[in-house]
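Before any comments, here is the structure.
What follows is calculated from the coordinates using simple rules that are stated; it is not laboratory data. Just so it is clear, the model here is predicted, and its values are computed rather than measured. Note: ideal-geometry Cβ built from the backbone for every residue, glycine included; neighbour counts use all protein chains shown.
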Amino acid sequence: MSESLLGADPEELRALARQMAQGADLLRTARATLSAKINGPLEWHGPDSFFFKHAWNSSHAPTLLNAAEMLHNSSLALGRQAQQQEDTSAS
């Protein structure tokens, strides 16, 4: 009878965790860069400008931040799961 694998490869989990952490960093950087441009000395006035800035600040920017936090938290969880997999395999 062959032994079947149960669980995941810890190194693959850690690689995915690193990619998720990098994605979180990219989202945070994009959010900060765009916020600086949108809320900075942008030569755009009128109701469309107000609506766009309001939508960015109240909806879009927080959504990017939430996505970055989700990726960051998932990265940490994958790191813990990789360690648990190694701990269990060593037992």
*In whole Hz, what ³J(HN,Hα) sequence does region 53-68 give by Karplus (6.51, -1.76, 1.60; θ = phi - 60°), x for Gly and Pro?*
4, 5, 4, 4, 6, 9, 10, 5, 4, x, 5, 4, 5, 4, 5, 5
*asked:* Just want the ordering: 14, 31, from fewest to most Cβ atoms lying within 10 Å of their own Cβ.
replied: 14, 31
*asked:* If you consider only alpha-carbon coordinates, what radius of gyration and Dmax does the chain have, in Å?
replied: 20.5, 74
*Distance in nm between label sites at residue 69 and residue 44, each 7 Å beyond Cα in the beta-carbon direction?*
2.6 nm
*List the relative contact order of the chain as a percent without decimals, with contacts defined as Cα pairs under 8 Å and 6+ residues apart.*
58 percent
*Quick one: if you stick a label point 7 Å off each Cα along the C-beta vector at residue 8 and residue 89, how many nm between them?*
1.3 nm
_Relative packing of 53-60, 71-78, which averages over residues the other C-beta atoms within 10 Å, highest first_ = 71-78, 53-60
